[in-house]
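Computed from the coordinates by the stated procedures, all read-outs in this text should not be read as laboratory data. Nothing here was measured: the structure is a model prediction, and the numbers come from that model. Note that each Cβ is placed from the backbone with ideal geometry, even for glycine, and that neighbours are counted across all protein chains shown.
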Amino acid sequence: MTIEVLAKKVLDLQKINPQPSMSFADAVVGSQTKQNREADVADVTDVTPPPNHSQVTDLNRKFNIVVYGIKECASGTNRHNRLLNDSSETASMIAMIDPTIPESSIQYCIRLGKYSGEKHRPILVKLSRTCEVSSLLSQRKKLKGSGLSVKADLSKKARKEDQLLMKSRWDFIQSGINREDIKIRGNSIYVNSLRKGSVVNGVLIASIDSSTPTPPDEGNESQPESDVRIGTSDPNKST
């Protein structure tokens, strides 16, 4: 309700009831207080993700990270204090990885999913620069043992590919191959610099012709000349 509409309603009431009543200022304050109460009621513990987050372009995702393991405030904590807590804890986590990234680089922090009270929801964090995202992802091993982790903000399709590739990586490790000899580039996995498989249309494809070397950087999406379908891997298996 706008100030003008509220003023008209107050004047109309005064015409009907000429006895002393609330002043215009009191009416405005009362209305704002009511709106604040309604906002507090509507703003329950769960914080919804940004509108159309599933439709965010890959270009925008490059500014984002997803943080896991930061504890949530108790149920009933007001929104302001929850946001302060999440921002502060996120800034502390970032400082653990790269203390050169200023707190002012955090554009926003927001919990993903509905509050359940059983587990802590991940936090979507938008940063000012893509170089800061790269720095955090490349040094995230510094969080080992802290109970915290950082991942890139991937699309649903990219998350599916990542799960299949990480499952394949784990299978290679279980077979005795050194972790350092296994590399993931784009939608493909390489062992000792030779491509061993790629994800195509949600399915992991093993390469028969493994002569393709590991690309020097991401972006090489070429497919092997001869493939054999090895079926879908279980993306839910822990890696």
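When 115, 190, 108 are checked against the criterion of being part of a loop (DSSP other than H, G, I, E, B) and among the aromatic types (Phe, Trp, Tyr), a single residue qualifies: 115.
Considered as a group, the residues in the stretch 80-98 that are in contact with an Asp or Glu (Cβ under 9 Å, 6 or more places away or on another chain) and in contact (Cβ under 8 Å) with a residue 40 or more places away in the chain include one that is surrounded by the fewest Cβ atoms within 10 Å (Cβ to Cβ), and that residue is 98.
Only residues that are touching a residue at least 40 places away in the same chain (Cβ under 8 Å) and in a helix (DSSP H, G or I) were counted across the stretch 132-156, and they come to 7. Got a number for residues in the stretch 99-135 being surrounded by 15 or more Cβ atoms within 10 Å (Cβ to Cβ) and charged (D, E, K, R)? The number of residues fulfilling the criteria is 4.
Inspect all residues belonging to the stretch 144-160 and state whether any of them is over 26 Å from residue 72 (Cα atoms), touching a Phe, Trp or Tyr at 6+ places or on another chain (Cβ under 7 Å) and surrounded by 15 or more Cβ atoms within 10 Å (Cβ to Cβ). No, the conditions are met nowhere in the stretch 144-160.
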